[in-house]
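The values are calculated or read from the model by the stated rules, or taken from the named source; none is laboratory data. Not measured: the values here are computed from a predicted model. Glycine gets a Cβ as well: all are built from the backbone with ideal geometry, and neighbour counts include every protein chain shown. Keep in mind that these areas ignore ligands, DNA and RNA; they rest on the heavy atoms of the full protein, side chains included. Shrake-Rupley method; radii C 1.70, N 1.55, O 1.52, S 1.80 Å.
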Amino acid sequence: MSRLFGFEGVGELLGLPFVQNAFVAAALLGLVAGALAPLVVARGMGFAVHGTAELAFTGGAAALLVGISVSVGAVVGAVVAGLVFGVLGLRQRERDSVIGVVLAFGLGLGVLLLALYQGRASNKFGLLTGSIVSVDSSNIAVLVSVTIVVLAVLAVVYRPLLFASADPDVAVARGVPTRLLSPLFAVLVALTTALAVPIVGAILVLSVTIIPGAAAARVTSNPLAATLLAIGIAELALLGGTFLSLAPGLPISGYVATIAFLAYLVCRLVGRVRGRVRAG
């Protein structure tokens with residue numbers, strides 16, 4: 001346990017620029033991931049997020065190989081995945097097969113690109129599990145830009161998107177442009193996934209894009225309350241995971257996933273207790 005949890009030298013670490021950048025990145029990711037998570041859960045896009053993470057991983061691997069910012073590569077790869085999933089997988093019965101095909105291709109290509117990369121092994125490992133060392137000022141600039149774009153677009157389309165997520169058939173009948181909203185939301189999810197890959201790694205992107213929304217859904221059906229709760233859980237997991245990983249020097253992804261999972265269990269328990277009280 002001492003290898004997993006320790007606080008020796010944390011005060012000095014908090015004063016380092018790369019650690020401060022990591023906290024800023026975690027806060028930005030928590031905000032945007034928490035805002036999208038309830039909609040991701042409502043639309044049943046968990047598998048799509050996983051597939052998008054694999055393409056973001058592929059883009060990051062390509063960026064490592066050519067020597068550009070990993071964040072830029074992850075954004076490009078994730079947006080391509082989002083467009084493919086949104087355009088080709090509009091029908092529910094086609095979505096999983098399309099995602100499976102693209103996921104397999106992206107993961108295979110990403111592994112090949114990493115094998116060709118001759119740089120530090122920690123860079124390869126960081127793409128899979130996340131690394132606070134990889135977050136620098138250039139990454140922060142990309143994170144801020146993407147966060148502003150995602151939140152601005154979400155604010156504009158939130159109401160029709162929520163309607164289409166809750167009852168797509170009625171939304172179509174009422175004239176909601178679902179064929180436009182589907183690829184647009186897929187791109188927003190892709191950009192958020194691209195933010196997450198350098199921080200928590202491609203393997204555990206679901207811990208911040210799915211778990212907060214699933215946990216909030218267990219407690220409340222109010223869209224605003226669910227969004228605020230999901231943001232709170234995402235921030236707690238990311239900032240808490242970053243803090244706990246400092247002294248041990250381990251990847252933050254395991255800490256983030258554990259905190260998010262514990263929050264989910266607590267929300268399930270609260271939801272069950274509230275249900276029994278109402279039934280009584």
*Only one of these is at pLDDT 80 or above, under 20 Å from Leu195 (Cα atoms) and either surrounded by 14 or more Cβ atoms within 10 Å (Cβ to Cβ) or more than 17 Å from the chain's Cα centre (by Cα) (or both): Gly77, Gly86, Gly82. Name it.*
Gly77
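For Arg174, indicate whether it is of a type in the set (D, E, K, R), under 25 Å from Pro160 (Cα atoms) and modelled with pLDDT under 90.
Details: of a type in the set (D, E, K, R): yes; under 25 Å from Pro160 (Cα atoms): yes; modelled with pLDDT under 90: yes.
Yes; evaluated as a whole, the condition is true for this residue.
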*asked:* Show me the helices (runs of 4 or more DSSP H) entirely contained within region 136-223 in which 2 or more residues are under 11 Å from the mean Cα position of the chain (by Cα), in contact (Cβ under 8 Å) with a residue 40 or more places away in the chain and crowded, with 16+ Cβ neighbours inside 10 Å.
replied: 178-200, 206-209, 211-217
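For region 257-273, does any single residue satisfy the condition of being within 22 Å of Gln20 (Cβ to Cβ) and out of contact with any Leu (no Cβ under 8 Å at 6 or more places or on another chain)? Give the steps one after another, and end with the answer.
Initial filter on region 257-273 (within 22 Å of Gln20 (Cβ to Cβ)): 259.
Next cut, out of contact with any Leu (no Cβ under 8 Å at 6 or more places or on another chain) only: none.
No, there is no match, as no residue in region 257-273 is within 22 Å of Gln20 (Cβ to Cβ) and out of contact with any Leu (no Cβ under 8 Å at 6 or more places or on another chain).
Quick one: which of Leu250, Leu236 is part of a helix (DSSP H, G or I) and open to solvent by 20 Å² or more (accessible area, probe 1.4 Å)?
Details: Leu250 fails: part of a helix (DSSP H, G or I).
Just one listed residue meets the conditions, Leu236.
Any residue in region 18-40 that is at positive phi, at pLDDT below 85 and open to solvent by 30 Å² or more (accessible area, probe 1.4 Å)? I'd like the intermediate steps shown before the answer.
Of region 18-40, the ones at positive phi are none.
There is no residue in region 18-40 that is at positive phi, at pLDDT below 85 and open to solvent by 30 Å² or more (accessible area, probe 1.4 Å).
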